[in-house]
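Enquirer: Once you've had a glance at the structure underneath, I'll fire off some questions.
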Amino acid sequence: MNTIDLHPEDLFDRSRRGQASERDIERFQLHLEQCRACRYEYTLALECAEGSAVLPGDDLVISRIRQATARSLERCAESGALIERARSRTRSRLLLVAVASVFSLVGLILTTTILPPSFRLPRPSFLGRSVAAGMWGAQPKGSPSAGDLFARANVAQRDGAAADAARFYIELERSFPGSSEELVARVLLGRLLLDRLDDPRGALAQFDSYLASPDHDALGEEALIGRALALERLGRHREERSAWEMLMGAHPKSSYAEPARTRIEELR
Amino acid sequence: MARDFRKDPRLAGGSAALRQSALEDPADFPRMALLVRAAQAGNIAAVDAVIAVLTPTVLHVIRALWGSKREDLEAMARDGLVAIVMALPTWRGDCTLLHFATRIAASRAASAAPPAPRTLWERLGRFGRGRWISPTPWEEELAERRRALLRTFFGELPEAQGETLVLRLALGYSLQEIALISKTPLAVVRNRLRLAKEALRARIEADPDWDELWGDDA
């Protein structure tokens with residue numbers, strides 16, 4: 001028997017989580033009486049658990065901490081920290097988006113006129129009907145904001161309610177196209193549809209829509225990966241190969257570079 | 001008389017499972033990685049989402065190391081979260097976000113100064129701690145002293161062992177979960193924990209002030 005065997009960590013876990021049988025507890029008790037290291041560990045674990053127990057009103061405490069953190073980050077903005085960089089980037093991007101919108105609109109009209117009707121490019125989000133409502137706050141009073149919908153979707157996804165999460169993301173996309181939240185949501189929804197809801201076609205539309213956005217640099221790599229995976233699931237192997245090549249060209253150091261290379265070889 | 005762990009009501013352990021469910025789900029890491037990438041690129045909504053996910057964890061770590069009675073816990077949690085957000089650009093996905101955040105929060109919490117006693121009575125209580133004047137029940141006092149031991153010990157351990165110990169004791173993760181969270185082989189986690197426990201035992205037994213916390217009455 002080596003030293004590791006002397007500390008029954010599995011018994012420790014079962015006891016702490018209330019999953020131990022009477023016999024387990026007796027064995028664990030016997031061990032604790034003989035092993036000081038485990039006795040210290042177990043006592044400290046209990047003290048930590050008691051100290052950090054969830055208390056009534058913790059939701060409010062967490063909400064206050066989040067607000068205080070946001071305020072602190074605002075103050076950090078003066079020293080050129082993350083939020084300030086984000087804001088200045090947003091300002092400059094607004095101008096870029098405005099210019100890109102004009103060009104894209106012209107391009108889209110030309111494309112739909114020239115190309116056969118069976119081939120459609122993803123519709124840019126800024127052409128959505130409710131864009132004005134989302135950007136200038138014309139939505140009815142009391143309706144959830146983009147941040148609310150984004151948070152609800154994230155909570156739902158975290159809780160394993162994939163269908164609910166997808167519903168919130170879709171509502172966010174419909175109500176606030178072009179918002180910061182909506183842009184990130186396209187990739188999150190894409191992965192959700194691909195990984196949990198078995199909808200590669202819907203996922204592909206999300207990734208394409210994100211990549212078609214002029215403001216898509218943050219999650220470009222992930223969207224390209226998702227696009228290639230969705231095409232693989234759809235059995236569209238020629239397009240899939242070209243998607244992997246696009247990823248390798250744009251992000252040669254991607255964490256997916258090796259699998260991408262292997263897959264390209266397989267598809268040759 | 002030695003402590004009888006069989007009679008310890010905390011052995012029921014249900015609350016640990018409840019707390020566990022409030023923490024980040026290890027299966028949710030791919031989504032978090034996406035959010036962090038967006039936050040790193042300056043997307044404010046993603047930064048907010050990351051803060052929302054991490055706030056309960058950070059609060060949990062701080063309470064585990066300081067108890068829930070410290071008045072400036074919220075300020076400590078806020079500062080920990082700001083530090084985590086500021087450090088986000090350095091996160092490369094080589095460990096999970098939870099591990100990354102826990103490391104920063106635990107390190108800041110362990111090195112935080114104890115709150116200053118405000119009243120004469122509190123000063124007297126501190127002076128007489130564990131001797132003849134104690135404004136708090138003895139068990140509570142012992143618990144606080146053990147947490148102080150853990151904070152001190154966390155700062156003395158090699159970083160990897162300290163993190164493993166915090167994930168194990170403060171957040172209640174099993175060895176398998178720690179391996180998943182820290183993206184480390186299970187055997188390595190087991191070894192780190194064993195070394196940390198042996199160091200803890202040696203440290204306690206070498207210091208009479210700490211050894212008395214586990215005396216016959218403890």
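The values are calculated or read from the model by the stated rules, or taken from the named source; none is laboratory data. Here the structure is a predicted model, which means the values were calculated and not measured. Cβ atoms come from the backbone with ideal geometry, glycine included; neighbour counts cover every protein chain shown.
Enquirer: Restricting attention to region A:168-182, does a residue exist that is in the same structural domain as A:L149 (by TED's automatic domain parsing), of a type in the set (K, R) and either crowded, with 24+ Cβ neighbours inside 10 Å or in contact (Cβ under 8 Å) with a residue 60 or more places away in the chain (or both)?
Expert: For region A:168-182, residues in the same structural domain as A:L149 (by TED's automatic domain parsing), of a type in the set (K, R) and either crowded, with 24+ Cβ neighbours inside 10 Å or in contact (Cβ under 8 Å) with a residue 60 or more places away in the chain (or both): absent.
Enquirer: Could you say whether any residue in region B:176-198 is of a type outside the set (D, E, K, R) and under 16 Å from B:R146 (Cβ atoms)?
Expert: Looking through region B:176-198, at least one residue is of a type outside the set (D, E, K, R) and under 16 Å from B:R146 (Cβ atoms).
Enquirer: Just a yes or no: is a residue in region B:135-156 at pLDDT below 70 and out of contact with any helix residue (DSSP H, G or I) (no Cβ under 6 Å at 6 or more places or on another chain)?
Expert: Yes, that holds for at least one residue.
Enquirer: Is there a residue being within 18 Å of B:M32 (Cβ to Cβ), within 9 Å of chain B (Cβ to nearest Cβ) and either touching a Ser or Thr at 6+ places or on another chain (Cβ under 8 Å) or in a helix (DSSP H, G or I) (or both) anywhere in region A:212-220?
Expert: no
Enquirer: Additional query: When you look at A:S52, is it crowded, with 18+ Cβ neighbours inside 10 Å and among the polar types (S, T, N, Q), yes or no?
Expert: So A:S52 passes the test.
Enquirer: Cβ contacts < 7 Å: first residue over 16 Å from B:W210 (Cβ atoms) and facing another protein chain (nearest Cβ under 7 Å), restricted to region A:28-48; second residue assigned to a helix (DSSP H, G or I) and among the basic types (K, R), any location; separation 6+ or different chain. Result?
Expert: Going by the 7 Å Cβ cut-off, the qualifying pairs are A:Q29/B:R6; A:L32/A:R39; A:A45/A:R16; A:L46/B:R10.
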